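The values are calculated or read from the model by the stated rules, or taken from the named source; none is laboratory data. Because the structure is predicted, anything quoted here is derived from the model rather than measured. Ideal geometry is used to build each Cβ from the backbone, glycine not excepted, and the neighbour counts take in all protein chains shown.
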Amino acid sequence: MCLFIFSYYMKTIYLIRHAEAEAYSKAGDIKRHLTTHGLESIEKTYKRLENFKPEFELILASHACRASETALQISSLSNFCTKKIINDARIYNAGIEDLLDILCELNDDVAKIVMVGHNPGLTDFVNLFITPKIVLPPFGIICLDFETDIWAKIHKSPCQKRFFIYPSKE
């Protein structure tokens, strides 16, 4: 019974750095698309993610093409409704405070989310809560559980890293 109550009062975030993107786009950084290798790494790494039985109710993604494309691939692989993907321009170039502000705005009825964004913001955010420190590589996925039922309190809540996976170098 205790475990059920504990899990009910928890917020879970799957923080995902976008997959490998083009090095350059004439249209600008926002318009950089995923590479073929990036798309392949999503598929291979997602198979490993399935071992952790991910559950989420919402995907928040940067509006940059590479992050949006990553979110769409996650949605497709998990049979998740694309209508529950929110592209938020604030995630692009976001720092720790920006990301906390975005999370604080979430409805507290939502308990489990995916956030697809960029470095250095995502890595800095993760390292606020865990040790040892990490660097989130392209399509790196880290799952953090916060012992709270209120998004606005995650920065003050105990946090546990559930897992950290990333594409293997093959």
**Message:** I want to confirm something. Restricting to segment 1-25 and keeping residues that are aromatic (Phe, Trp, Tyr) and surrounded by fewer than 16 Cβ atoms within 10 Å (Cβ to Cβ), which single residue is modelled with the highest pLDDT?
**Reply:** Tyr24
**Matching entry among Glu69, Glu55, Glu43, Glu50 (being over 15 Å from Ala21 (Cβ atoms) and either of a type outside the set (D, E, K, R) or touching a strand residue (DSSP E or B) at 6+ places or on another chain (Cβ under 9 Å) (or both))** = Glu55
**Request:** Give Cys159, Cys143 a once-over and let me know the one that is in contact (Cβ under 8 Å) with a residue 60 or more places away in the chain and out of contact with any Gly (no Cβ under 7 Å at 6 or more places or on another chain).
**Result:** Cys143
**Request:** Return a yes/no flag: does segment 80-91 have any residue that is crowded, with 18+ Cβ neighbours inside 10 Å and among the hydroxyl-bearing types (Ser, Thr, Tyr).
**Result:** no
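Do we have any residue at all in segment 32-40 that's over 18 Å from Ile86 (Cβ atoms), modelled with pLDDT of 95 or more and touching a Pro at 6+ places or on another chain (Cβ under 7 Å)? Outline the logic, then answer.
Of the residues in segment 32-40, the ones over 18 Å from Ile86 (Cβ atoms) are 32-40.
Pick out the ones that are also modelled with pLDDT of 95 or more and you get 32-40.
Then keep just the ones that are touching a Pro at 6+ places or on another chain (Cβ under 7 Å); that gives 38.
Yes, that holds for at least one residue.
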**Item:** Candidates Ser78, Ser68, Ser25 - the one that is more than 22 Å from Val135 (Cβ to Cβ), touching a helix residue (DSSP H, G or I) at 6+ places or on another chain (Cβ under 6 Å) and polar (S, T, N, Q)
**Value:** Ser25
**Message:** Residue pairs, Cβ under 6 Å, 6 or more apart or interchain, first in segment 74-97 and over 19 Å from Ile141 (Cβ atoms), second among the β-branched types (Val, Ile, Thr). List them.
**Reply:** Arg90/Ile102
**Request:** Would you check which residues across segment 56-82 are of a type in the set (Asp, Glu) and either within 17 Å of Ile42 (Cα to Cα) or modelled with pLDDT under 95 (or both) and list them?
**Result:** Glu69
**Message:** Please determine whether any residue of segment 30-49 is closer than 30 Å to Lys156 by Cβ, without any contact (Cβ under 8 Å) to a residue 60 or more places away in the chain and in a helix (DSSP H, G or I).
**Reply:** no
**Message:** Scan segment 87-99 and tell me whether some residue there is modelled with pLDDT of 95 or more, within 26 Å of Ala152 (Cα to Cα), part of a loop (DSSP other than H, G, I, E, B) and of a type in the set (A, V, I, L, M).
**Reply:** yes
